[in-house]
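Student: If you scroll down you'll find the structure; I have some questions about it.
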Amino acid sequence: MIAPAEPSVEAEPMLKVREILDRHDHRASRLVPILQAVQESYRYLPAEVLTYVAQELDVPAARVFGVATFYAHFAIVPKGKHVIRLCDGTACHVKASMPILDAIRSRLGLSEQQATTPDMLFTVETVACLGACGLAPVVVVDEAVHGQMTPEGAVELVERLMAQEAST
Amino acid sequence: MKTTVTANTIQIDGRAVPVNGERNLLELIRKSGIELPTFCYHSDLSVYGACRLCLVDIQGRGIQGACSTPAEAGLVVRTQTEELRDIRRIAVELLLANHDQQCPTCPKSASCRLQGIARQLGIRHVRFRPVHAPEPLDESSVSLVRDPNKCVLCGDCVRFCGEIQGIGAIDFAYRGHEAAVLPAFGKGLGEGECVNCGQCAALCPTGALSPRPETNDVWRALHDATKTVVVQVAPAVRVALGEAFGMMPGTDTSGRLVAALKRLGAARVYDTAFSADLTVLEETHEFLERKASGERLPLFTSCCPAWVKFAEQFAPDLLPNLSTCKSPQQMLGALCKDTLPAELGLAREQVVMVSVMPCTAKKFEAKRPEFKVGGNPDVDHVITTQELAHMIEEAGLQFDELEPESFDLPMGFKTGAGVIFGNSGGVSEAVLRHASEVVAGHPVPVSELCMTRGEEGMRFASVEIGDVVLKLAVVYGLRQARTLVNRIRNGELAVDLVEVMACPGGCVGGAGQPVTADGQARRQRTRSLYEVDKRLDLHKSQDNHYVRESYRRHLGDIGGPRAHQVLHTHYASRRCASEGCAAHATCPQVALRSEEPAI
Amino acid sequence: MSTAGDDGAADGAGGMPAGRRVVVCAGTGCVAGGATAVYAEFLAAIRAAGLPVVTEFRAEQEPGHTRLSKSGCQGFCQMGPLVTILPDGLLYTRVQVADVAEIVSRTLAQGESVERLLYAEPGTRRRCHGAGDIPFYQLQQRHVLSACGTIDPESIQEYVHHGGYEAARKAHRELAPDAICKEILRSGLRGRGGGGFPTGRKWEAARVQPGDVKYVICNADEGDPGAFMNRSVMEGNPHSILEGLMIAARAIGARETLIYVRAEYPLAVQRMRRAVADAEAMGFLGADVFGTGQSLRCDVMEGAGAFVCGEETAMIASIEGQRGMPRPKPPFPAQSGLWGKPTVINNVETLAHVVRILREGADVFRALGTAASPGTKTFALTGHVANTGLVEVPFGATLRQIVMDIGGGITDRRGRVRADGFKAVQIGGPSGGCLTREHLDLPLDYDSLRGAGAMVGSGGLVAMNTQTCMVSIARFFMDFTQRESCGKCVLCREGTRQMLALLDDIIEGRATGETLELLERLGHAVQKGSLCGLGKTAPNPVLSTLKHFRAEYDAHVFHKHCPTGQCKALAKPSIDPALCKGCTACVKACPVGAIVGARKQTHSINPELCIKCGACGTACKLGAVVGI
């Protein structure tokens, strides 16, 4: 079975991970930055990589899993190709960020429980605050910050991406 | 309120209490006779401060956790105020709101601390509603059952597994109200690095972790007319079972225990101490052989199945050093299944071997594939001391009124050496009692060979017999074992024999034993086993004539080919990093990989 | 480069001072608005106009040359992208790529201002020339923020040129550790991260600890939603933080320091890393600090998304590679912190103040602020105010000065300033509390705020207009803290979750009087009994709104009515027959066909069918739909 758009684990097992571990001197205290680097590489934290990391750092796998699930930035399931993050910090919230989230989710058929579209193209998530409060409400699409957003504007952003995906 | 505080005291609820090196305020308060409730405080583990039940009001500092406050002279402390009462009750109600309250059917029913504290605080009504969806039980382990719906997240299990056992098979995962105690990747307890010692279950204040019961299987076999149930009882069981019936810890209940098993329907009741004697003969032989050749030293004992799995996972390089002897449980199982069917005119499957163990890892050991012949295990079912107590209770037997009976012969006969196997240091001592005689060529008084006894988690002894010096190390707690292993690997330490037990104090402190609040009961059991040794006629395994008889009739020479076939085993690394690993097929890490999505 | 252009510029300026400078704000807000493209366009346009331009800092700028640089956040994010022209002092707002050519040709070449890009005061529409006459800036006293927005944050040379690293050099070469601690203690500086603990005492506690391995950590894990002061300083003036950190290290005898930055701030991370590398290259950091022969290292670590890591012991756990779960104190980090060694953790802003105290003396620092809370404090002013942005005022300033004068007043749903629009401010983020109209003239400092049931916190200040439902706001914060609870202690883990459930009951119409009582009791238990600061302060938004807006809670509970109409479950939408003209706009908008009524006849809503989505209210141009 071919899973489309699945982030692939490379043929040479754990080559990238070994490089990351080397960079951090295989120090267990560097677990958080190591996981950040792994996530940057794989776009999530695959269980087999975490198992390998645990073994190499001589740390129990359960602890690595515990750290990976503690921090909001770490994902233990793959994310979509495009990550849409809606800021729900106080400033954005009081400037009506929730209707924007509802609009984006409904356009993509997503919910609080289901954050990623089945075709693995889009993940929608909220973040506590991006520190761009002056621009509230804020939506970040693949690292690009869009300020003073409206539900309509956000849907437009999403549709632009959808069109772009459809044409490729 | 006017208070007077003298130099070296703390004022607790208006009374001056002398400070005497207590580790923290909580210990002092408890010593003063006030039993503040806690879930997460355990004197052998690090201070965690999560349950918030030991809160006290300290003058000038406000409300603080007593467990994390040093017992500094001069403090003025109140343990009961309206505010504290409110906070404690709310904390317990919060836990109860999401707790699966099927109490009557819970394995911890009547011994649950949550139940106890709720009763202590007089909670009659929970004002909060459940906000968590029920989670499925984890029944993947053959030794333990994990019920996430009963977890109060006190973390005692996590800290024991990490701090004392050095394993970390379970840890906290996720956060906030989604926080949970989980094995790696949320998999089952049976699929990871858990060595089944079960101490987590012994510590668990609720029914979130409990030994996996096998009493139903045992009942079924007892009730099956086509089956003959043969029971073996481990040494540590006899000095702890009484606690379940209100007797003093350490009471030797051997006679009543046998009587109870007979009443329940056991055809034979044998003593695991018999096969411990057998183990001593085999292991001493192995040890002296290695000592003579200088190969594969130090010899590590292999009676403790938690340690064996630990070594397979974390010290595969040392597996050749493990004694190839089966544990006493498996030796007796193998011997029974080897001899009894013919003797009784039954098929192997008709003989059901049940062992009563102080241990949860023995359940796992009995199910290892290498201990099966034609698919039939040498030991069919393993129940813990507590499970036996439940069976006695279920049968309605008045334990204290039973007329004592004796173990059946021949495999109920033992020497004191076999009995002290239940104590940390006991295996070493038993081996010494035999080895000294072999080396010296004449008997050495038993009283000269007590150097491996003690309470410390890591102990060393050295014995000079003639011109031979035997160096021994005794350790309990697997983190200590790991430390020891590392020191041996680094060449910092040269010893000949290493005895490893996973549980505190050895098998007497096993997780299948009645749960005790502190180490007192355990130490009493230890003393009691040494007393039993004293009372017995024989103290050295080599003097067990029934064991000698077994060699003559079934096993051939000590350490010979037939003995090897029945009494010895082999080990395999559980690390998939090692090339050509024999355990690859059963390796949890490999299993984990194969479940990854297709690439 | 053409020299003819030089002459042209000089001529065209008509006696304007030589060496003009164009500063494009490159803070997160302005970058989001397109500042990067604006900067590139400037570079191209200035060159195209034949003007000589430099982009690096030079101590002596050649006459007639234009220096083009980026700055950190200037704090007026809402009006970004911002472009400042120096020395003219012109501030152009909302500058787009298309505006650049005009700025170059008129301002740079001819010295004229482009009127339409100048800031217009909301009420009067008066065009403000620059920071000097914009009330937003005018009424502030910027010290920590002073250099943000002018100097190039990526140029250590420029920082040094303005006296940077002199204080650190003095600390390392001339001052004894105890003298530094004394000076900081004398300044009365209190931790800007929230609690307000005296910095000097913290340092002294760590200094007197035995042993030669100690650590200083800069807490830049600004997790409070609605606050971005630390981000701005890191982006705008990273060297000031590093210098403060170096002083702290000297004061307690640490050889290793670490800056723990919130990962949501990639630009801040990048700027801090650059600053550390540049300082190492200059020999300020590294094996031989200022030629003293002593070593000092600095590491920059990114957080991974956990608000609780702002708590000291949780941050230490996170640095050690663990889950960021706080542990009980004592021992305090100053006694036993990172790897069990004495550790000082200071907030970004605290460290920035340290530099100024050593540079100008404790007395100068104490000259501002109040006796118990000396100095200035930055606030992130957001929410329903005309001017959102970064504000620095002395302690003792009133809420009215900040919200009404600097913030330009409260805006309504449509962004118009309303004189009577003020309802409340939430100060200190999810750990803080709500202040009301009666607190408008309260001088703000650590102690007065605590007295009012709020706290300075990190300095988030969210203004709310009368259309805001306070129960809903309390719920918002509770939802945040219960998600950010580490899950360790019972009261915080389960308590915050249950508080949220009780608030849901209130908002969704299931509550009774008992709900309110239980909410309050639970709040007090969580506040008093939780293990760490997160739990202890988590109930503040609820308890303070319960105190100041009890009537609003009562309306929800006893009358099943949300006075602001924000709580949809309680909404009872109806159509005001006096206003309805029967246009059928609402009928068409209703997704469930709950509105009936023919054209030109008064419509009505069938409550059985209505799902309270509010579509009718949006559709009605006459405001005839009420109660939602």
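The values are calculated or read from the model by the stated rules, or taken from the named source; none is laboratory data. These numbers were taken from a predicted model, which means no experiment stands behind them. Note: ideal-geometry Cβ built from the backbone for every residue, glycine included; neighbour counts use all protein chains shown. Ligands, DNA and RNA are excluded from the accessible area calculation, which covers all protein heavy atoms including side chains. Shrake-Rupley method; radii C 1.70, N 1.55, O 1.52, S 1.80 Å.
Student: Is it true that C:Ala454 is part of a loop (DSSP other than H, G, I, E, B), within 14 Å of chain B (Cβ to nearest Cβ) and open to solvent by less than 10 Å² (accessible area, probe 1.4 Å)? So that I can check it myself, show each step before the final result.
Tutor: On the way: part of a loop (DSSP other than H, G, I, E, B): yes; within 14 Å of chain B (Cβ to nearest Cβ): no; open to solvent by less than 10 Å² (accessible area, probe 1.4 Å): yes.
Criteria not met by C:Ala454.
Student: Restricting attention to region A:42-57, report how many residues are open to solvent by 10 Å² or more (accessible area, probe 1.4 Å), facing chain B (nearest Cβ under 10 Å) and out of contact with any helix residue (DSSP H, G or I) (no Cβ under 7 Å at 6 or more places or on another chain).
Tutor: Going through region A:42-57 one residue at a time, the tally reaches 1.
Student: To continue, here is another question. In region C:124-151, how many residues are surrounded by fewer than 22 Cβ atoms within 10 Å (Cβ to Cβ), in contact with an Asp or Glu (Cβ under 7 Å, 6 or more places away or on another chain) and under 23 Å from C:Arg94 (Cβ atoms)?
Tutor: So the count comes out to 5.
Student: Sort out which residues of region C:35-64 are in a loop (DSSP other than H, G, I, E, B) and among the small types (Gly, Ala, Ser), and write them in order of number.
Tutor: Hits for region C:35-64 are C:Ala49, C:Gly50, C:Ala59, C:Gly64.
Student: So which residues in region C:552-600 are touching a Ser or Thr at 6+ places or on another chain (Cβ under 9 Å) and under 12 Å from C:Ile506 (Cβ atoms)?
Tutor: C:Glu552, C:Tyr553, C:Val557, C:Phe558, C:Cys562, C:Cys567 - these are the residues of region C:552-600 that are touching a Ser or Thr at 6+ places or on another chain (Cβ under 9 Å) and under 12 Å from C:Ile506 (Cβ atoms).
Student: Check off (1) at pLDDT below 95; (2) part of a helix (DSSP H, G or I); (3) of a type in the set (D, E, K, R) for B:Glu464 and give me the number that stays unchecked.
Tutor: Every condition holds for B:Glu464 apart from (2).
Student: Where the second residue is in a helix (DSSP H, G or I) and the first is on the phi > 0 side of the Ramachandran plot and lies in region C:259-285, which pairs have Cβ atoms under 9 Å and are six or more apart or on separate chains?
Tutor: The qualifying pairs are C:Gly283/C:Val289; C:Gly283/C:Phe290; C:Gly283/C:Gly291.
Here is a yes/no grid of residues against (1) more than 30 Å from B:Phe172 (Cβ to Cβ); (2) touching a residue at least 40 places away in the same chain (Cβ under 8 Å); (3) within 18 Å of the chain's Cα centre (by Cα):
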position	(1), (2), (3)
C:Lys329	no, no, no
C:Val355	yes, yes, no
C:Val385	yes, yes, yes
C:Thr388	yes, yes, yes
C:Glu392	yes, yes, yes
C:Arg413	yes, yes, no
C:Gly432	no, yes, yes
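Student: Continuing with the same structure: Please state which of the following conditions C:Ile605 fails to meet, knowing it meets all the rest: (1) at pLDDT below 90; (2) within 17 Å of C:Gly627 (Cα to Cα).
Tutor: Against the list (1) at pLDDT below 90; (2) within 17 Å of C:Gly627 (Cα to Cα), C:Ile605 comes up short only on (1).
Student: Filter the helices (runs of 4 or more DSSP H) completely within region A:84-168 down to those with at least 1 residues that are facing chain C (nearest Cβ under 9 Å) and among the aliphatic types (A, V, I, L, M).
Tutor: A:90-94
Conditions tested, residue by residue: (1) over 24 Å from C:Gly529 (Cα atoms); (2) within 14 Å of chain B (Cβ to nearest Cβ).
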{"residue": "C:Gln426", "(1), (2)": "no, no"}
{"residue": "C:Leu449", "(1), (2)": "no, no"}
{"residue": "C:Gly460", "(1), (2)": "yes, no"}
{"residue": "C:Cys469", "(1), (2)": "yes, no"}
{"residue": "C:Ser485", "(1), (2)": "no, yes"}
{"residue": "C:Glu494", "(1), (2)": "no, yes"}
{"residue": "C:Arg497", "(1), (2)": "no, yes"}
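Student: Inspect region B:247-255 for any residue being within 29 Å of B:Gln520 (Cβ to Cβ) and in contact with a Leu (Cβ under 6 Å, 6 or more places away or on another chain) and give the result as yes or no.
Tutor: Yes.
Student: Now a separate question. Go through region C:114-132 residue by residue and tally those that are in contact with a Lys or Arg (Cβ under 9 Å, 6 or more places away or on another chain) and modelled with pLDDT under 85.
Tutor: Qualifying residue count, region C:114-132: 2.
Student: Give C:Lys536, C:Lys560, C:Lys581, C:Lys547 a once-over and let me know the one that is part of a helix (DSSP H, G or I) and away from chain B (no Cβ under 13 Å).
Tutor: None of the other options fit; the residue is C:Lys547.
Student: Something else about it: What's the total number of residues in region C:396-415 that are open to solvent by 10 Å² or more (accessible area, probe 1.4 Å) and over 22 Å from A:Asp88 (Cα atoms)?
Tutor: 8
Student: What are the pairs, 6+ residues apart or on separate chains, where a residue within region C:499-520 that is closer than 14 Å to C:Ala474 by Cα has its Cβ under 9 Å from a residue that is among the aromatic types (Phe, Trp, Tyr)?
Tutor: C:Ala501/B:Phe128; C:Leu502/B:Phe128; C:Ile506/C:Tyr553; C:Leu516/C:Tyr553; C:Leu519/C:Tyr553
Student: What number of residues within region B:554-574 satisfy the criterion of being among the charged types (D, E, K, R) and touching a residue at least 24 places away in the same chain (Cβ under 8 Å)?
Tutor: Of the residues in region B:554-574, 1 are among the charged types (D, E, K, R) and touching a residue at least 24 places away in the same chain (Cβ under 8 Å).
Student: List the number of the failed condition for A:Gly109; all other conditions in (1) in the same structural domain as A:Ala136 (by TED's automatic domain parsing); (2) open to solvent by less than 20 Å² (accessible area, probe 1.4 Å) hold.
Tutor: (2)
Student: Quick one: which residue in C:Cys567, C:Cys586, C:Cys562 is open to solvent by less than 50 Å² (accessible area, probe 1.4 Å) and touching a strand residue (DSSP E or B) at 6+ places or on another chain (Cβ under 9 Å)?
Tutor: Within the list C:Cys567, C:Cys586, C:Cys562, the selection yields C:Cys586.
Student: Being charged (D, E, K, R) and crowded, with 24+ Cβ neighbours inside 10 Å: is that true of B:Arg238 here?
Tutor: Judged against the criteria, B:Arg238 is a match.
Student: Hey, another quick one. Go over the candidates B:Glu289, B:Glu295 one by one and state the one that is outside any helix (DSSP H, G or I) and among the acidic types (Asp, Glu). Can you show your working first?
Tutor: Numbers: B:Glu289 fails: outside any helix (DSSP H, G or I).
The unique qualifying residue is B:Glu295.
Student: Is it true that some residue in region C:216-228 is closer than 24 Å to C:Ala287 by Cα and in a helix (DSSP H, G or I)?
Tutor: So far as region C:216-228 goes, no, none of its residues is closer than 24 Å to C:Ala287 by Cα and in a helix (DSSP H, G or I).
Student: Which members of region C:302-316 meet the condition of being closer than 22 Å to C:Ala248 by Cα, facing another protein chain (nearest Cβ under 10 Å) and open to solvent by 10 Å² or more (accessible area, probe 1.4 Å)?
Tutor: C:Glu302, the sole residue that qualifies.
Student: A further question on this structure: Which count do you get for residues in region B:316-352 that are within 17 Å of B:Ala266 (Cβ to Cβ), among the polar types (S, T, N, Q) and crowded, with 18+ Cβ neighbours inside 10 Å?
Tutor: 1
Student: Here's a follow-up. I'm trying to understand the selection: among the residues of region A:58-73, which are open to solvent by 10 Å² or more (accessible area, probe 1.4 Å) and more than 7 Å from chain B (Cβ to nearest Cβ)?
Tutor: Hits for region A:58-73 are A:Asp58, A:Val59, A:Ala72, A:His73.
Student: May I pose another question? Would you check which residues across region C:506-519 are surrounded by 19 or more Cβ atoms within 10 Å (Cβ to Cβ) and either part of a helix (DSSP H, G or I) or facing chain B (nearest Cβ under 10 Å) (or both) and list them?
Tutor: C:Ile506, C:Ile507, C:Thr515, C:Leu516, C:Leu518, C:Leu519
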